[in-house]
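So the structure is just underneath, and the comments pick up after that.
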Amino acid sequence: MSRIIRSVLIVFLFFPGALAFAQEAAAPAAPFLRDLAAEHNLLIGTSLQRGGLNNPGVRKTAPREFDSLTIENELKPASVSGGPGSYFYIAPDYMIAWGEEHGMKIRGHTLVWHNSVPSWLKKANLKKDQVLAFLQDYIATVVGRYKGRIYAWDVLNEVLDEKGRLRDGKTSFWAETCGDGYIEEPFRWARAADPKARLFINDYGVAVVNAKSNGLYALVKKLLARQVPIDGVGFQCHVAEKSPPNFKSVAENVRRFIALGLEVQFTELDVRIQGEPTPEQLKHQAEIYAGFFEIAVLTRGVTGVTLWGAADPVSWIPGAYNGFGSALLFDDEYNPKPAYFAVKEALGRGRLKNK
Ligand code: XIL
């Protein structure tokens, strides 16, 4: 018997407690992600769906690790608005109260999105002024209801096309009915309804310097010049493990938005893997997560990173990307994956603290 094995056996024979310790070593232990992120003034969040909150694994994992909660679907206009003057608040009320109970800040998602137009509104055949009147009333009502409780709102979501131009009427109800008349006012209405809420424009495919993020940059610069009250830019960051972004480009991109006086958040981070993940893929996934978190802790002005889901069983990925999954930090049993430890390490590096 080798000396090492003999010593291990002796340890467990005389100190049975050591066995329990060894078994627990893989489970997350304090400090948790939220504790470490707080030292960088960085919020670390998860999105959650109302249904996910029935899940004991989610209820345990999410508040332990995350101090920010994005309401994944239940504050989208198609979920909230049942008709003129009719609102569904039961699910978001419950979720927001649950998050608050666990010391989580709440992100509101979202006020204007082409993919979440209330079905009654699509059918109502309204003119531009009527559509905008609805939108103003909707924003005043919903943002007003949660005044002081939702710290940030994604006011506009995905308003740009792949080339970085505003969407046209073919892909967006808002563009179809209002031209580009729906871009500025929602920020003013949201500001009026809750002056302290941070107001974001959010989009996908904009984490690196490319045609789309150039368009976003130009749009945001124009909005600022026109005194539109916008505080931040959200990069969604739904990434495929096979095609990670160039992180030098992400860092450069983040910096140019911050130089405009805005904050930047990675608002919907996940790294999807095709098929049953191999150890190599999980390691690569971990490196990609570390890449985002390194930028977040190193760059003053990056104020939050939100994972799009608390754990693999409640991720939107398998439903949205056929054959993909395993996109988050915790596996099907809510055990931490290599990506969890990589994020922890990136957040734990002392030399980066107090950026
Ligand atoms: C997704 C949710 O995760 C799904 O549950 C839902 O069926 C569709 O929307 N970009 C966004 C998010 O801004 O709102 C989307 O969330 C994911 C892509």
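Each value in this text was obtained by applying a stated rule to the coordinates, not by laboratory testing. Since this is a predicted model, take the numbers as computed values, not measurements. Cβ sites come from the backbone with ideal geometry, for glycine too, and all protein chains shown count toward neighbours.
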Of all DSSP beta bridges having both residues in the chain, the percent classed as antiparallel (nearest 5) is 15
Place a point 7 Å from Cα of SER249 in the direction of its Cβ. Which residues in the range 208-227 have their backbone N less than 14 Å from it?
208-215
Roughly what angle does helix 128-145 make with the longest principal axis of the chain, taking Cα atoms, 0 to 90 degrees, to the nearest 10?
40
Report the local net charge at GLY275: Lys and Arg +1, Asp and Glu -1, summed over other residues whose C-beta lies under 13 Å from its C-beta.
-1
Multiply the residue gap between LYS283 and TYR204 by 0.36 nm, knock off their C-alpha separation, and tell me the result in nm, one decimal place.
26.0 nm
Highest-fluctuation residue, PRO279, PRO245, PRO118 considered, GNM on the chain with Cα pairs under 10 Å:
PRO279
Return, ordered by residue number, the residues of the range 215-246 whose backbone nitrogen is under 13 Å from a label point located 7 Å along Cα→Cβ of LYS163.
215
Working out 0.36 nm times the residue gap between ALA97 and GLU276, then minus their Cα-Cα distance, what length gain in nm do you get to one decimal?
60.8 nm
Helix 279-298 axis, angle to the chain major axis (alpha carbon atoms, nearest 10°)
60
Per DSSP helix of 4 or more residues, -39500 (n - 2.57); summed, then divided by the residues of the chain. What does that give at 222 nm, rounded to the nearest 500?
-12500 deg cm²/dmol
Exposed GluC sites (Glu not before Pro) being those in a DSSP loop with at most 13 other Cβ atoms within 10 Å, the longest stretch of the chain free of them is 163-332
Relative contact order (%) - the chain, alpha-carbon pairs under 8 angstrom, separation at least six:
17
Per residue, how much space in cubic angstrom lies within the convex hull of the C-alpha atoms of the chain?
150
Working from Cα positions, state the angle (0 to 90°, nearest 10) between the long axis of helix 3-14 and the longest principal axis of the chain.
80
Reachable lysines from LYS127, Cα under 29 Å, same-chain residues fewer than 8 places away excluded?
LYS76, LYS163, LYS170, LYS222
The range 176-217: C-alpha gyration tensor shape, a/c 1.5 cut-off, then a/b vs b/c:
oblate
Point-charge dipole on Cβ atoms (K/R +1, D/E -1) for the chain, about Cα centre, debye to 20
780
